[in-house]
1. What residue, among those in segment B:92-113 that are assigned to a strand (DSSP E or B) and facing chain A (nearest Cβ under 7 Å), is surrounded by the most Cβ atoms within 10 Å (Cβ to Cβ)?
2. Scan segment B:60-91 for residues that are part of a loop (DSSP other than H, G, I, E, B), surrounded by fewer than 19 Cβ atoms within 10 Å (Cβ to Cβ) and touching a strand residue (DSSP E or B) at 6+ places or on another chain (Cβ under 6 Å) and jot them down.
3. Which condition does residue A:61 not pass, out of (1) at pLDDT 95 or above; (2) within 14 Å of another protein chain (Cβ to nearest Cβ); (3) part of a loop (DSSP other than H, G, I, E, B), if it passes all the others?
4. Would you be able to tell me the number of residues in segment B:49-59 that are surrounded by 13 or more Cβ atoms within 10 Å (Cβ to Cβ) and within 14 Å of another protein chain (Cβ to nearest Cβ)?
5. When segment B:24-48 is examined, which residues are found to be outside any loop (DSSP other than H, G, I, E, B) and either buried (at least 16 other Cβ atoms within 10 Å of the Cβ) or at the interface with another protein chain (Cβ under 10 Å from one of its Cβ atoms) (or both)?
6. Condition (residue is under 30 Å from residue B:49 (Cβ atoms), without any contact (Cβ under 8 Å) to a residue 12 or more places away in the chain and either surrounded by fewer than 14 Cβ atoms within 10 Å (Cβ to Cβ) or out of contact with any helix residue (DSSP H, G or I) (no Cβ under 8 Å at 6 or more places or on another chain) (or both)) applied to segment A:26-41: is it met by at least one residue?
7. Scanning segment A:94-107 for residues that are buried (at least 21 other Cβ atoms within 10 Å of the Cβ) and more than 14 Å from residue B:98 (Cα to Cα), which turns out farthest from the other protein chains (Cβ to nearest Cβ)?
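The values are calculated or read from the model by the stated rules, or taken from the named source; none is laboratory data. Since we're looking at a predicted model, the values are computed, not measured. Here Cβ is always computed from backbone atoms with ideal geometry, including for glycine, and neighbour counts include all displayed protein chains.
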């Protein structure tokens, strides 16, 4: 079975640009969460979606937005990129009958 | 607020036993996770504790004391491949009724020959 997939793997953007990151959850998983992990730190919660509705939002500015599609895949959008947005962006999915979150390989975003 | 503390770095020798501690202060508690993360890779699930006590899974064990806000991950018979960052994460309920994970900064474990 395919695990959580994310695209792209790596991305380089310049300040002020916007970026869209994509995530496909494990088949059957309806909950998707996004995390930002800066080098040397633990992942920090950004968003959680379930059944296409936002269920939680972390302490991130409005430049960050996300959505979930009918097939439960998800997009994370970041506008007006700052140098500090450089990080590994992780997507995790969870099934209805489990507490465990399964993480994707992440997208490494570099803002120059 | 949410606060999760764990040591930044630890070193140990191949074949030895190491204990990685985690203390937490969170608004609400629905369980505590331990994840392993190798450099440049995604976190992988190791253990989940929601009740007090010890959970054993092969070479890895995890302990939880909810009254003390304390957990530890015990790694036995250390192998070189255990060199990684170990993340403690607390699951907490939100006003929406759903729970989210708050991670500590991670403990970098270096296993030497």
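1. Filtering segment B:92-113 for residues that are assigned to a strand (DSSP E or B) and facing chain A (nearest Cβ under 7 Å), the one surrounded by the most Cβ atoms within 10 Å (Cβ to Cβ) comes out as B:101.
2. To start, the set of residues in segment B:60-91 that are part of a loop (DSSP other than H, G, I, E, B) comprises B:66-69, B:76-79, B:83.
Restricting the remaining residues to those that are surrounded by fewer than 19 Cβ atoms within 10 Å (Cβ to Cβ) gives B:66-69, B:76-77, B:79, B:83.
Answer for segment B:60-91, where residues must be part of a loop (DSSP other than H, G, I, E, B), surrounded by fewer than 19 Cβ atoms within 10 Å (Cβ to Cβ) and touching a strand residue (DSSP E or B) at 6+ places or on another chain (Cβ under 6 Å): B:69, B:83.
3. Tallying (1) at pLDDT 95 or above; (2) within 14 Å of another protein chain (Cβ to nearest Cβ); (3) part of a loop (DSSP other than H, G, I, E, B), residue A:61 fails exactly one: (2).
4. 3
5. B:24, B:32, B:33, B:34, B:35, B:36, B:37, B:44, B:45, B:46, B:47, B:48
6. Yes, segment A:26-41 contains a residue that is under 30 Å from residue B:49 (Cβ atoms), without any contact (Cβ under 8 Å) to a residue 12 or more places away in the chain and either surrounded by fewer than 14 Cβ atoms within 10 Å (Cβ to Cβ) or out of contact with any helix residue (DSSP H, G or I) (no Cβ under 8 Å at 6 or more places or on another chain) (or both).
7. Only one residue fits best here, namely A:107.
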